[in-house]
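Worksheet: one structure, shown below.
The values are calculated or read from the model by the stated rules, or taken from the named source; none is laboratory data. A quick note: this is a predicted structure, and the numbers were derived from the prediction, not measured. Glycine also receives a Cβ, built like all others from the backbone with ideal geometry; neighbour counts cover every protein chain displayed. Please note that ligands, DNA and RNA were not included when accessible areas were found on the heavy atoms of the full protein model with its side chains. Shrake-Rupley method; radii C 1.70, N 1.55, O 1.52, S 1.80 Å.
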Amino acid sequence: QVQLVESGGGLVQAGGSLRLSCAASGRAFSTYNMGWFRQAPGKEREFVAAISRSAAFTYYADSVKGRFTISRDNAKETVYLQMNSLKPDDTAVYYCAISTYRGATLASEYDYWGQGTQVTVSS
């Protein structure tokens, strides 16, 4: 059974930065395509970023392109989301997830999910 544990969320002022981490356990991390999603109160879960198994390919939602960077360290079995120039609209619970598909942007394409970490951006 795969387990994903997110960390690094918190409260930050607009314009600030945070780095989220997602540690995986259970099976070979390097075989996973990974993604980050977020869900704000009253809204559907939305795609943020994805990274392929070897990190050769990355994908971003238009709303975060140029501000967020997804990366991974297969030796540490961890995927990261560096978030810069944060805006109040980025406030949400952030989730990492595993997909069979490279570049998957739909939540239904992901099989395993973490419990989420709260990010709050104040204006």
- Query: Here are some conditions: (1) at negative phi; (2) hydrophobic (A, V, I, L, M, F, W, C); (3) open to solvent by 30 Å² or more (accessible area, probe 1.4 Å); (4) not in a strand (DSSP E or B). Leu86 meets all but one. Which one does it not meet?
  - Reply: (3)
- Query: So which residues in region 91-117 are within 16 Å of Glu44 (Cα to Cα), of a type outside the set (S, T, N, Q), open to solvent by 70 Å² or more (accessible area, probe 1.4 Å) and not in a loop (DSSP other than H, G, I, E, B), if there are any at all?
  - Reply: Trp113
- Query: Considering region 35-53 alone, what residues qualify as being under 23 Å from Val5 (Cβ atoms) and open to solvent by 90 Å² or more (accessible area, probe 1.4 Å)?
  - Reply: Pro41, Arg53
- Filtering region 1-11 down to residues that are assigned to a strand (DSSP E or B) and open to solvent by less than 20 Å² (accessible area, probe 1.4 Å) yields Leu4, Glu6
- Cross-chain or 6+ apart pairs with Cβ under 6 Å, region 2-19 first and farther than 14 Å from Tyr94 by Cα, then assigned to a strand (DSSP E or B): Val2/Tyr112; Gln3/Ser25; Val12/Leu18; Val12/Val121; Gln13/Ser122; Ala14/Val121
- Query: Would region 21-44 turn up any residue that is outside any loop (DSSP other than H, G, I, E, B), under 20 Å from Tyr112 (Cβ atoms) and β-branched (Val, Ile, Thr)?
  - Reply: yes
- Query: How do the pairs read when you match residues in region 100-123 that are more than 23 Å from Ser30 (Cα to Cα) with residues anywhere that are open to solvent by less than 80 Å² (accessible area, probe 1.4 Å) and in a helix (DSSP H, G or I), using Cβ under 8 Å and keeping only pairs 6 or more apart or on different chains?
  - Reply: Val119/Asp90; Val121/Pro88; Val121/Asp90; Ser122/Pro88; Ser123/Pro88
- Give the residues of region 47-71 that are in a strand (DSSP E or B) and without any contact (Cβ under 8 Å) to a residue 40 or more places away in the chain, sorted by residue number. Ala49, Ile51, Thr58, Tyr60, Phe68, Thr69, Ile70, Ser71
- Task: Tell me which residues, restricted to region 1-20, are farther than 12 Å from Gly114 by Cβ and modelled with pLDDT of 95 or more.
- Result: Gly10, Leu11, Val12, Gln13, Ala14, Gly15, Gly16, Ser17, Leu18, Arg19
